[in-house]
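Have a look at the structure below before the remarks.
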Amino acid sequence: MAVFSSLSDRLQDTFDKLSGKGRLTEDDINAAMREIRLALLEADVNFKVVRSFVGRCREQCLEAEVLTSLNPTQNVVRIVLNELVRLLGSTDAELQLPETRRPNVIMLVGLQGSGKTTAAAKLAYLLKGQGRKPLLAACDVHRPAAADQLETLGAEVGAYVYRGGGKDAVAIAREAVETVAKQRGCDLVIVDTAGRLQIDEVMMREAVDIRDAVRPDQILMVVDAMTGQDIVSVVTEFNERMDFDGVIMSKLDGDARGGGALSVREVTGKPIMFVSQGEKPDSLEVFHPDRMARRILGMGDVVGIIEQAEKLSDEQSIADAERMLMEGFTMDDMLAQFGQLRKMGGLRKLAGMIPGVDRAIAQSGRDVSDEQLIPIEAMIHSMTKEERAKPRIINGQRRKRIAAGSGRTVQEVNTLIKQWEQMDKMMGSLRGMAMGGSRSMSRGMADMMRNMGVDPAEAAKVARMSGGGMPSGAANGNRQQRRARPKKKGKQKRRR
């Protein structure tokens, strides 16, 4: 989540300064609120939004139960987290598409360059995965090649694109909904409208006419997450004229400050429904305010990782996981894992979802991208079938051959072998966790994190906090079962 990286670092630094204090005073709270205010303003959040946000946080932080609690810093973080969730939208927003109407109609509006056309195709792909049959209506008749772009994207996602035969956007939208969708058996029409570099009366009049002609079930405004405070006036104008239902936040993987994204919900009262991080068709996701808030505060999104993994899970992958646990980790397994990582969004996206990892990478000055996997894949492909299955047989001579075959150096091959050894150790730790119960699970988790390069003390702390990955109820149940077991009868000593 590159767009919020600077804001995330500033907020985490603020909390780090508080964490070293056993008790917090009013001066400490005021200093922290000043830092948060500056962080939000530097992120280009609307100043009115910043003022109300910081005011609410300060008021709650100065309550007696916060200042006198055993963990005041944790309470401050909790308050900021809750207010950040409120700022982004307290609950998940869903599309309202009544079943009594077919086809349903979704209309996209926004400025030129905000990513409307791409968002239309991504939304079609997302809803197609939910069992819908979407049709894309190319109603941007002003931008050159806009319909061609939509046709290309539609072909990628497997959705029919209707572009009409003239330059009347209203007529194209009406024909798509009333005639073409029914002829092709489509139950959903997504209308891609024209945008301008700035709001003008012609654009707004055309959008209103399309709305009146097709009566959309949902009007979504596409907003560029890299837009700063200017977005406030734009969304306000669109809201007054179109009364849109929700927002699609595009380009969330950009490198801008992202303050506009934090301002939209507070200014308009309209929820953010979807966010897009990347160019691929599957990069549009349902927006979860609580998860986004946790990621901004450096708490990660473990639930999101699990959901991404569940989308890719099948019987074959489960069988592969069981085999890796019991038989060990091979180079072929490493290749397969790289493929799964790409399907889950790539290394950069996953790094932002794991607590602390994104910040650690930023502090190290290194970048994380899928391009780093390419030379590794080349070296693995240069190995024989036996070498991939049994990497331990790769001696010095074999390493020279692999390096020459892949165009890499022997040192890089040595690094790859070490990485494989670390992953194989992790599999061994997981195997011990699976077979050795709660204590073994805790030790295995600590070992696994140390193999990943995590500080040993921090690894032990996380393992203790997680309880070794076993719910407390399950652990108690195991203890009760052990107590209930009858004691084995051994040879009794004869009393003298």
Query raised in the report: Before we move on, is A155 open to solvent by less than 10 Å² (accessible area, probe 1.4 Å), at pLDDT 90 or above and not polar (S, T, N, Q)?
Result: no
- Message: One residue is enough: does region 193-203 have a residue meeting the conditions surrounded by fewer than 18 Cβ atoms within 10 Å (Cβ to Cβ) and assigned to a helix (DSSP H, G or I)?
- Response: yes
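Conditions tested, residue by residue: (1) without any contact (Cβ under 8 Å) to a residue 24 or more places away in the chain; (2) under 30 Å from the mean Cα position of the chain (by Cα); (3) over 27 Å from L127 (Cα atoms); (4) crowded, with 17+ Cβ neighbours inside 10 Å.
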{"position": "R205", "(1), (2), (3), (4)": "yes, no, yes, no"}
{"position": "D209", "(1), (2), (3), (4)": "no, no, no, no"}
{"position": "V223", "(1), (2), (3), (4)": "no, yes, no, yes"}
{"position": "D243", "(1), (2), (3), (4)": "no, yes, no, no"}
Scanning region 248-297 for residues that are open to solvent by 40 Å² or more (accessible area, probe 1.4 Å) and β-branched (V, I, T), the one modelled with the lowest pLDDT turns out to be V267
Open item on the list: Just to be sure before I move on: is Q183 touching a Ser or Thr at 6+ places or on another chain (Cβ under 9 Å) and surrounded by fewer than 20 Cβ atoms within 10 Å (Cβ to Cβ) in the structure I sent?
Closed with: no
P391 fails exactly one of (1) in contact with a Leu (Cβ under 8 Å, 6 or more places away or on another chain); (2) open to solvent by less than 80 Å² (accessible area, probe 1.4 Å), namely (1)
Cβ pairs under 8 Å, 6+ apart or interchain, first in region 105-120 and of a type in the set (K, R), second buried (at least 24 other Cβ atoms within 10 Å of the Cβ) and at pLDDT below 85, ordered by first then second residue, are K116/G195
Taking region 90-110 and keeping only residues that are touching a strand residue (DSSP E or B) at 6+ places or on another chain (Cβ under 8 Å) and farther than 27 Å from I210 by Cβ, one is left with D92
Across (1) over 24 Å from the mean Cα position of the chain (by Cα); (2) surrounded by fewer than 19 Cβ atoms within 10 Å (Cβ to Cβ); (3) closer than 23 Å to L41 by Cβ, V234 clears everything bar (2)
With criteria (1) open to solvent by less than 10 Å² (accessible area, probe 1.4 Å); (2) of a type outside the set (D, E); (3) touching a Leu at 6+ places or on another chain (Cβ under 8 Å), Y125 comes up short on (1)
Note on region 162-176: residues surrounded by fewer than 23 Cβ atoms within 10 Å (Cβ to Cβ) and either part of a helix (DSSP H, G or I) or aliphatic (A, V, I, L, M) (or both) are V170, A171, R174, E175
If we take region 1-114, then helices (runs of 4 or more DSSP H) inside it with 2 or more residues that are open to solvent by less than 10 Å² (accessible area, probe 1.4 Å) are 5-19, 26-42, 47-61, 72-88
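The values are calculated or read from the model by the stated rules, or taken from the named source; none is laboratory data. None of the values given here were measured: they were computed from a predicted structure. With ideal geometry, Cβ positions are generated from the backbone for all residues, glycine too; neighbour counts draw on all protein chains shown. Just so you know, the surface numbers come from the protein's heavy atoms only, side chains and all, with ligands and any DNA or RNA stripped out. Shrake-Rupley method; radii C 1.70, N 1.55, O 1.52, S 1.80 Å.
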